[in-house]
1. Looking at this structure, is Pro227 under 21 Å from Phe148 (Cα atoms) and open to solvent by less than 10 Å² (accessible area, probe 1.4 Å)?
2. Can you work out which of the residues in region 212-221 that are within 9 Å of the chain's Cα centre (by Cα) and in a loop (DSSP other than H, G, I, E, B) is surrounded by the fewest Cβ atoms within 10 Å (Cβ to Cβ)?
3. So Asp287 ticks every box in (1) more than 23 Å from Asp200 (Cβ to Cβ); (2) open to solvent by 50 Å² or more (accessible area, probe 1.4 Å) but one. Which box is left unticked?
4. Would you point out which residue out of Leu45, Leu36, Leu55 is in contact with a helix residue (DSSP H, G or I) (Cβ under 7 Å, 6 or more places away or on another chain), in contact (Cβ under 8 Å) with a residue 24 or more places away in the chain, part of a loop (DSSP other than H, G, I, E, B) and surrounded by 13 or more Cβ atoms within 10 Å (Cβ to Cβ)?
5. Condition first: crowded, with 18+ Cβ neighbours inside 10 Å, within 12 Å of the chain's Cα centre (by Cα) and not in a strand (DSSP E or B). Can you find one or more residues in region 129-147 that meet it?
6. If I ask for residues that are farther than 30 Å from Phe25 by Cβ, assigned to a strand (DSSP E or B) and of a type in the set (A, V, I, L, M, F, W, C), which ones from region 257-271 would you list?
7. Tell me yes or no: at least one residue of region 272-295 is in a strand (DSSP E or B) and of a type in the set (Gly, Ala, Ser).
8. Considering (1) open to solvent by less than 30 Å² (accessible area, probe 1.4 Å); (2) modelled with pLDDT of 95 or more, say which one Cys14 fails and leave the rest.
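The values are calculated or read from the model by the stated rules, or taken from the named source; none is laboratory data. Remember, it's a predicted structure, so these values are computed and weren't measured experimentally. Cβ placement follows ideal geometry from the backbone for every residue including glycine, while neighbour counts extend to all protein chains displayed. Note: accessible area is taken over every heavy atom of the protein model, side chains too, but ligands, DNA and RNA are not part of it. Shrake-Rupley method; radii C 1.70, N 1.55, O 1.52, S 1.80 Å.
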Amino acid sequence: MKYFYFLFGLFLACTIQSQAQSWDFDAISFKKADSLAMINKGASLDNLPQLTYNLTNGLATDVERFRAIYLWVCTNVKNDYNLYAKNKRKRKRFQEDSLKLEAWNEKFKKRIFKTLLKRKRTICTGYAYMVKTLSNLANIDCNIINGFGKTSSGNPEDLRYPNHSWNAVKLDNKWYLCDPTWASGVQNTNNGRFEFDYNDGLFLASPQLFAINHFPLEERWFLLDEPLPNFTNFIEAPIVYNEAYKILALHQLPKKLYNEVYRNKTLNITYTLKPNIVPKTVTLTIDDGINTKTITPDSVSFKDQKLYVSHILKKYGLFDVHLTIDDQLVASYVYKVKRFN
């Protein structure tokens, strides 16, 4: 694969209307909340009650107060990749020794919060802790959710133990999901430095889309109706990128990353887009490991917020297929096209 920042996906057959997501609050302007987050840019973590007051004073609703807190954390706390990498190495080293692993986890927990409070650098645990702590100080019910997160490495070893944390927040008596870590920015692959690049799509995200790359330890935190996804679906699912959160409400087809078809069969892709999203351009980039070409699919249609993409696979071989909407890389799939039926 030629793309570095991507997330794996899975199919969830649920209707979007029954779930809690950001467009529940389309009637509310976040302009004042966002302004408060920006005004307090660079504030220290020495006095969290004061920071909470500065971020929320004068805001009329809990969702506005949470928005200011969440945006401030995402735009002021850096993801510390070196801290993450060290923890990963240590956990792998001690994976067969439960006592040493437990001792390391306790030691590392202290280091996480020391680094967070002194340098405003952390990993997912620190992000989730900070969002929860500031929210609770603002009398907003917010929890840390622990589980598995699919990342760009795609290494099954990364999923031997829970490896990610995010938040659930209660607003207007409904629970919503967000991921401040993945919303905050990306690691520059050229120099190894973290770069702020706020992704608003992970703010009160659609639970169905969120479950593409988040598998909570407690089933109730899927915030989904039955049937719930299982871990096999989670492992086998397609690749869905961070940018997809800005555009998609649901990923529906294909259901798996790896697909086998015969030549001259049709590749079908189906998404439900967020309200008010109308695609202008849809392209496929097909990579056979030697050559890469970007094309317009054979058929693209859009109706009732559903996007249908179809393309006939005329050549046999193994292909990575990447779909882009309005210059945003959304999802990738692998197709083994066989010569004969």
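1. On the way: under 21 Å from Phe148 (Cα atoms): yes; open to solvent by less than 10 Å² (accessible area, probe 1.4 Å): no.
The answer is no for Pro227.
2. Of the residues in region 212-221, the ones within 9 Å of the chain's Cα centre (by Cα) are 212-214.
Then keep just the ones that are in a loop (DSSP other than H, G, I, E, B); that gives 212-213.
On the way: Ile212: 29, Asn213: 26.
This residue is Asn213.
3. (2)
4. On the way: Leu36 fails: part of a loop (DSSP other than H, G, I, E, B); Leu55 fails: part of a loop (DSSP other than H, G, I, E, B).
Going through Leu45, Leu36, Leu55 in turn, the sole match is Leu45.
5. Taking every residue of region 129-147 in turn, none turns out to be crowded, with 18+ Cβ neighbours inside 10 Å, within 12 Å of the chain's Cα centre (by Cα) and not in a strand (DSSP E or B).
6. Taking region 257-271 as the starting set, the residues that turn out to be farther than 30 Å from Phe25 by Cβ are 257-268.
From what is left, the residues that are assigned to a strand (DSSP E or B) are 258-262, 265-268.
Passing the criteria: Val261, Leu267.
7. The initial filter retains those residues of region 272-295 that are in a strand (DSSP E or B), namely 272-273, 282-287, 292-295.
Filter once more, keeping what is of a type in the set (Gly, Ala, Ser): none.
Scanning region 272-295 turns up no residue that is in a strand (DSSP E or B) and of a type in the set (Gly, Ala, Ser).
8. If we test Cys14 against (1) open to solvent by less than 30 Å² (accessible area, probe 1.4 Å); (2) modelled with pLDDT of 95 or more, just (2) comes out false.
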